[in-house]
Amino acid sequence: MSEQPQSSDRWSSEIDTLVTRCVAELAASPTEIALREAYARYGGQKGAVKRAVQAAITAAPKERKREVGQVGNAALQQIDGAFESRKRVLADEARGRDLARTVDVTLPGRAPRAGHLHPLTHTRREIERIFAQLGFSLATGPQVETDFHNFEALAMPKDHPARDMQDTFYVAGAKDVLLRTHTSPVQIRTMLAQRPPVRVICPGPVYRRDDDPTHSPMFHQVEGLVVDEQVTFGDLKGTLLHFVRAFFGPATGIRLRPSFFPFTEPSAEVDLSCVFCALQPKTRSPDAGCRTCKGTGWLEVGGAGMVDPEVFRHVDYDSERYTGFAFGFGIDRMAMLKYRISDIRLLYEGDQRLLEQFQ
Ligand code: FA5
């Protein structure tokens, strides 16, 4: 009796069936991924054919193990061959599709979309440009400030009621460290670092516990500081007027209303003639007014005043010899007025429909 395995052996016909099924599945695989998956199901390490061959070898009597192994190897080689030939067919088909594809070179090109500056950046740069022309240089300070620079040296000691209006975010675990509430601490840092004459503007983010359509918890201010001999309130007014006209247009007016800031004396709120109504030639009349300016014809944009001698004392400037003026404007407020943006929160939402208008 021949030692060749008989086709009647159960294990042999089981392997035959699996190979037939596998070859059919490989030949029908529509993609390389499907092909590899089908191969893994049968011929892979844990595939059905591999397992059947392994089981047959284990079950065969010792003297037949070798020949069972040979039949198994032949089956696996058949699967490998079917896999390779289907892979070639799929690759040929893919190449054929690539070659058949035509490119319409007459179609218009699609330019990549370039990024652009945020309206607040445009506004800040425009402010910097105008003041640079007046001989101001740029000064910056940290956004995480000390109580000394933000309040104390600006004549707002711990129990001063003016602090309430700027209640802010304190840094937990650090004594007297906070997110600056205004850009005025940069005045102090500048004066501590240099002697007069001083002529700087200091733009940057500031933080307060505010949140409504015209007040954001994080917003931007630009501070201005001029210190020299014989600096007067007239210089302050002339500088502000020049600035608003350069920024909003030559018909813009300003109004200084008496006010109070602990670090300036005298102090003023700076109002701008309403860009929505008072500047329109047709409506510029004593009763000019709209909803934005609440019927007054004026819009508040910042505070200003002559530097208080108490501030000079903190930075060791001689207040008998030097005088100075300072101002602080809201950059967001100015961007809203210039670009007619009704809600400050729109500036921070990243909505493309708004931002795309500032290409
Ligand atoms: C100050 O912050 C003073 N440091 C300004 C100053 C500087 C006065 C130098 C004198 C000398 P005030 O709190 O009024 O002042 O803020 C100034 C401007 O910041 C406001 O007029 C307004 O335009 C803007 N502003 C204030 N709070 C907010 C807010 N939450 N969101 C947006 N803008 C704000």
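A short reminder: the numbers here are calculations on the coordinates, not readings from a lab. These numbers come from a predicted model, not from an experiment. Please note: Cβ atoms are built from the backbone with ideal geometry, for glycine as well, and neighbour counts cover all protein chains shown.
Here the Debye sum runs over all C-alpha atoms of segment 157-264 as equal scatterers in vacuum, and log10 of I(q)/I(0) at q = 0.21 Å⁻¹ comes out as -1.41. Measuring nothing but how far apart in sequence close Cα pairs (under 8 Å, 6+ apart) lie, relative to its length, segment 119-358 scores a relative contact order of 21 percent.
Extension gain, Ala172 to Thr17: 0.36 nm times the residue separation minus the Cα-Cα distance gives 48.4 nm. Model label sites at Thr58 and Ala40, defined 7 Å from Cα along the beta-carbon direction, differ in position by 2.3 nm.
Choose one answer from Gly173, Gly44, Gly115: the residue with the largest mean-square fluctuation in a GNM of the chain with alpha-carbon springs under 10 Å. Judging by the Gaussian network model, the answer is Gly44. Among the trypsin sites (Lys or Arg not before Pro) in segment 176-285, those placed in a DSSP loop whose Cβ has at most 15 other Cβ atoms within 10 Å are Arg209, Lys282, Arg284. A P(r) calculated from all alpha carbon pairs of segment 69-159, with 10 Å bins opening at zero, reads 11, 13, 15, 11, 8, 9, 12, 12, 8, 2 percent. If the chain linking Val144 and Arg51 were pulled fully straight, counting 0.36 nm for each residue of separation and taking away their Cα-Cα distance, it would gain 26.7 nm. Principal semi-axes of the equivalent ellipsoid, √(5λ) from the alpha carbon gyration tensor of segment 1-143, are 71, 24, 10 Å from largest down. With a cut-off of 19 Å on the backbone N, the residues of segment 317-359 near the modelled label site 7 Å out from Arg113 along Cα-Cβ are 347-359. Here is the short version for the chain: Cys22, Cys202 have no other Cys C-beta closer than 4.7 Å. If exposed means no more than 15 neighbouring beta carbons inside 10 Å and the site is in a DSSP loop, what's the longest run of the chain without any exposed GluC sites (Glu not before Pro)? Excluding the exposed sites themselves, the longest stretch runs over 4-228. Our note on the geometry: Cα centres of segment 170-210 and segment 292-309, 21 Å apart. In segment 98-209, Cα pairs under 8 Å separated by at least six residues give a relative contact order of 31 percent. Within straight-line reach of Lys50, meaning a Cα separation under 17 Å, sit the following lysines at least 8 residues removed in sequence or on another chain: Lys65. Model label points for Lys338 and Leu354, set 7 angstrom from Cα along the Cα-to-Cβ axis, are 1.6 nm apart. With q set to 0.08, 0.12, 0.13 Å⁻¹, the log10 of I(q)/I(0) for the chain, from the Debye formula over equal scatterers at the Cα positions, is -0.56, -0.92, -1.04.
Residues in segment 109-115 carry Karplus couplings, in order, of x, 9, 6, x, 7, 7, x Hz; the curve used is 6.51 cos²θ - 1.76 cosθ + 1.60 with θ = phi - 60°, and Gly or Pro positions show x. Counting only lysines at least 8 places from Lys158 when in the same chain, those with an alpha carbon closer than 20 Å to its own are Lys175. Couplings 3J(HN,Hα) of segment 59-68, computed from phi: 6, 5, x, 3, 6, 10, 4, 4, 5, 4 Hz, in residue order, whole Hz [Karplus 6.51 cos²θ - 1.76 cosθ + 1.60, θ = phi - 60°; x for Gly and Pro]. Given Cα pairs under 8 Å that are at least 6 residues apart, what percent is the relative contact order of segment 40-79? Contact order relative to length: 34 percent. For Lys294, which lysines qualify as cross-link partners when the Cα separation must be under 29 Å and same-chain residues fewer than eight apart are set aside? Lys294 reaches Lys237, Lys282, Lys338. Restricting the trypsin sites (Lys or Arg not before Pro) of segment 75-136 to loop positions (DSSP other than H, G, I, E, B) with no more than 10 neighbouring Cβ atoms within 10 Å leaves Arg101, Arg110, Arg113.
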